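To start, the structure under review is shown below, and the notes come after it.
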Amino acid sequence: MALRKGSSVALSGWPSEVQMNPAYVPGLEVKLGALVVLFSITLVCGFAPLCLVRGAGRCNVDPETRHKVVSLVSCFAGGVFFATCLLDLVPDYLSGINEAFSSLGITLQFPLPEFIIAMGFFLVLVLEQIVLALRDRSAGHSEERRALLVDSSVQSHDRDGRRHSHVFSLSLHSVFEGLAVGLQEDSQEVLEICVALLLHKSIISFSLALKLAQGKLRRAAVVGCLLLFAIMSPMGIGLGIALTETKSSPQHQLARSTLEGLASGTFMYITFMEILPHELSSPQNRIPKVAMILTGFAVVTGMLFIKM
C-alpha cells in the first residue's frame with residue numbers, strides 16, 4: 001500500500017493536490033465506470049429471465065444444462081473471490097490499518113486488524129440470521145431451513161411473501177461488496193474486485209429473477225426487487241468514493257481501513273458460507289467444480305503476479 005501511494009505522489013504533470021492524494025488520480029474514473037457497469041450488468045442479467053419466462057411462457061433452455069453452467073461459473077467466481085480476498089484485499093487492508101496505527105502512535109497488544117475482519121464476517125452472518133429468524137417466525141410451520149443467500153439458487157422454491165426477504169438479505173452484503181471497490185486507491189485493484197463482483201452478481205441476479213418470475217409475481221414487484229438488489233453495490237461504491245475523496249488524516253485513514261476490513265470479512269462470508277458450501281454440497285460434477293474453483297484462484301493469482 002505504501003509503495004503504491006509513493007508511486008502516485010511521484011507522478012509528474014499532475015497538479016500538486018493530485019500528487020498528494022491518490023484519490024484524485026484517474027482511479028476515480030475507474031470506480032465510476034465500475035459503478036455504472038455493475039448496475040447495468042446486474043439489471044441485464046436480472047431482466048433476461050423475465051423475457052424467457054414471461055415472454056415464451058416457459059424457459060426454453062434445458063434446466064439441467066442451465067444449472068450445470070451456472071454452477072460451474074459460480075465455482076469459478078468462488079475461486080476468484082477467495083484469491084481476491086486472501087491475496088489482495090486482506091494484505092492491502094493490513095498494510096493500511098497498520099500504517100494508520102503507526103501514524104497515530106498506537107501500539108497494539110491485541111490482533112485488532114484481524115478482529116475487524118472477523119467482525120465483517122459476523123456482521124453479515126448476524127444480519128442474515130435475524131432476517132431468517134423473522135421469516136421463520138412469520139411462516140408458522142416447520143420445514144427445511146436454508147440460509148437466505150443459498151436460497152437464491154434457481155432450484156429453491158418459497159412462497160411469494162417470503163421472496164422479498166431474499167432480496168433484502170442479498171442487499172445487505174452487496175453494500176459491503178461495493179464498499180470494497182470504492183475504498184481502493186489503485187485502479188488495477190478496482191478492476192480485479194469489480195470482475196469478481198460482476199461474476200457473482202450476474203449469477204445471483206439471473207437466478208433470483210428467474211425464481212421470482214417463475215413464482216408468478218407481478219412484473220412490477222419483480223422489477224422492484226431487481227432494482228433494489230442492483231443499486232446496493234453501486235451505493236457501496238459511492239460511499240467508498242466519498243470516503244477516499246475527503247481530506248486525508250490518520251484518523252480518516254483508520255476509519256477507511258476499518259471499513260475495508262469489514263468488507264474483507266464480507267468477501268470471506270460470501271466465499272465460505274455462500275458459494276462454496278452451496279456448490280460443493282451437490283454430488284453432481286464434483287471434479288469440474290473443483291477445477292473451476294482452482295482456475296478462478298489461478299487467474300487472480302496470475303494477474304497479481306504479473307502486476308508485481
Residue in region 279-292 that is touching a Cys at 6+ places or on another chain (Cβ under 7 Å) and open to solvent by 50 Å² or more (accessible area, probe 1.4 Å) present: yes
Leading residue by the ranking (modelled with the lowest pLDDT) among those in region 22-47 that are out of contact with any helix residue (DSSP H, G or I) (no Cβ under 6 Å at 6 or more places or on another chain) and among the small types (Gly, Ala, Ser): Gly33
Residue that is surrounded by fewer than 23 Cβ atoms within 10 Å (Cβ to Cβ), modelled with pLDDT under 85 and touching an Asp or Glu at 6+ places or on another chain (Cβ under 7 Å), where the choices are Leu243, Leu304: Leu304
Pro234 vs. criteria at pLDDT 80 or above, farther than 28 Å from Gln188 by Cβ and out of contact with any Pro (no Cβ under 9 Å at 6 or more places or on another chain): no
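The values are calculated or read from the model by the stated rules, or taken from the named source; none is laboratory data. Bear in mind that the values here come from a model prediction, so they are computed numbers and not experimental data. FYI the Cβ positions are ideal-geometry reconstructions off the backbone, even for glycines, and counts take in every protein chain you see. The accessibility values were calculated without ligands, DNA or RNA, using every heavy atom of the protein model including side chains. Shrake-Rupley method; radii C 1.70, N 1.55, O 1.52, S 1.80 Å.
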